[in-house]
1. Residues being farther than 28 Å from P14 by Cα and in a helix (DSSP H, G or I): count how many of those fall in the range 164-187.
2. Scan the range 160-185 and report the pairs whose first residue is within 12 Å of A149 (Cα to Cα) and in contact (Cβ under 8 Å) with a residue 60 or more places away in the chain and whose second residue is acidic (D, E) and part of a strand (DSSP E or B), with Cβ atoms within less than 9 Å and a gap of 6+ or a chain change.
3. When you go through A155, A161, A139 one by one, which is the residue that is assigned to a loop (DSSP other than H, G, I, E, B) and closer than 26 Å to R272 by Cβ?
4. Among the numbered criteria (1) surrounded by 13 or more Cβ atoms within 10 Å (Cβ to Cβ); (2) within 21 Å of V85 (Cβ to Cβ), which one does A47 miss?
5. Any residue at all in the range 43-53 that is touching a residue at least 40 places away in the same chain (Cβ under 8 Å), over 21 Å from C280 (Cα atoms), touching a helix residue (DSSP H, G or I) at 6+ places or on another chain (Cβ under 8 Å) and not polar (S, T, N, Q)?
6. Given the criterion charged (D, E, K, R), in contact (Cβ under 8 Å) with a residue 40 or more places away in the chain and either surrounded by fewer than 19 Cβ atoms within 10 Å (Cβ to Cβ) or within 18 Å of L177 (Cβ to Cβ) (or both), identify the matching residue among R120, R24, R77, R103.
7. Quick check on my filter: what residues within the range 232-249 are at pLDDT 85 or above and not β-branched (V, I, T)?
8. May I ask you to say which residue of A154, A189, A170, A149 is loosely packed, with under 15 Cβ neighbours inside 10 Å and not hydroxyl-bearing (S, T, Y)?
Amino acid sequence: MAVLTPTRFHWILPAEGDPVEFCRSAEDGGIDQVLLPSAFHRPDGIALAAHLAAATKAIGFMICPRTDMQSPIHLVRQVNTLSSVTDGRVSVLGTCPYDSDFRAHDEFWTMCDALWRDRRIPVRRDRPELYFSGSSGAASDLAVRHGGALLLLAAAPAVVAGRGRRVRAAGREVGLLFSVVCRRTRAEAVDAAHALTEIAGENVYAVRERFRLLTAEAVALTGGWCESPAEDDDHWPRPYLWTGAMPFLGPLGLALVGTPDELAAAIMEYRRAGVGQLLCHGDGMSLFCQEVLPRVRSLE
């Protein structure tokens with residue numbers, strides 16, 4: 001049996017709680033990077049990453065710049081400065097563009113690439129690791145041309161293998177985005193997954209439908225999982241993959257559900273489908289690091 005390179009696990013910083021405590025726990029648990037989301041109700045990712053890096057030792061920070069609100073020169077200067085003060089513990093997640101926006105995004109990242117190669121930049125650092133997210137053709141094109149990895153919304157392993165084939169052929173990596181629902185027993189995990197839908201009210205279906213119509217070109221959001229589900233649809237394309245919360249929570253409602261043994265086996269299925277990185281979300285990071293991650297390491 002071929003020996004696999006170690007899977008890289010990343011986790012999205014939750015909106016609630018102490019970010020320093022979370023990042024220290026993630027570092028101790030073997031998480032490679034923490035993603036710092038970009039949103040109006042979130043702290044600035046650059047400033048927060050500098051603060052968190054000072055309170056941790058080795059964990060990396062994935063920032064999500066708004067390329068429609070800043071110039072390539074400004075972004076490169078910010079990232080280079082952050083990389084300098086954190087000893088290189090920074091990566092960049094590019095936006096998931098619609099196919100019609102590919103040219104603008106390609107030009108932006110082409111300029112960034114040129115600036116990272118320009119030795120005249122005052123605060124010069126090597127180019128950070130770049131990620132692009134999404135299942136659209138544009139996202140794949142950007143990953144092939146500029147990125148180190150493409151983060152796909154999870155699907156059955158055979159589907160993921162097909163979607164990532166061109167990216168892997170270009171020498172890039174493929175990763176997946178999941179919520180993680182890990183519990184000691186299968187019944188507890190399934191109950192916890194179903195509880196995700198109780199976070200939102202009944203009117204969320206209407207909100208998600210409106211959002212779906214406004215993002216009709218975003219393949220990752222319109223694969224059928226964000227539509228109102230039929231009453232008899234059980235939303236289990238695989239025994240460990242649950243889509244039932246997506247009409248409520250969007251892409252982050254796609255959940256990897258099960259016991260530690262079940263999740264480790266599922267991750268290995270994705271490894272065999274060409275996946276090398278997982279970006280996770282959810283409140284079960286501690287149990288995941290204690291029980292799932294060691295099982296994966298023993299199987300690699």
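1. Going through the range 164-187 one residue at a time, the tally reaches 5.
2. Close Cβ pairs (under 9 Å, with a partner that is acidic (D, E) and part of a strand (DSSP E or B)) amount to G164/E173.
3. Values: A161 fails: assigned to a loop (DSSP other than H, G, I, E, B); A139 fails: assigned to a loop (DSSP other than H, G, I, E, B).
Of A155, A161, A139, the one residue that is assigned to a loop (DSSP other than H, G, I, E, B) and closer than 26 Å to R272 by Cβ is A155.
4. Only one criterion is unmet by A47, namely (1).
5. No, the range 43-53 has no match at all.
6. Working: R120 fails: in contact (Cβ under 8 Å) with a residue 40 or more places away in the chain; R24 fails: in contact (Cβ under 8 Å) with a residue 40 or more places away in the chain; R103 fails: in contact (Cβ under 8 Å) with a residue 40 or more places away in the chain.
After ruling out the rest, the residue left standing is R77.
7. Within the range 232-249, H235, W236, P237, R238, P239, Y240, L241, W242, G244 qualify.
8. A170
The values are calculated or read from the model by the stated rules, or taken from the named source; none is laboratory data. None of the values given here were measured: they were computed from a predicted structure. Here the Cβ is made from the backbone with ideal geometry for all residues, glycine too, and neighbour counts use every protein chain on show.
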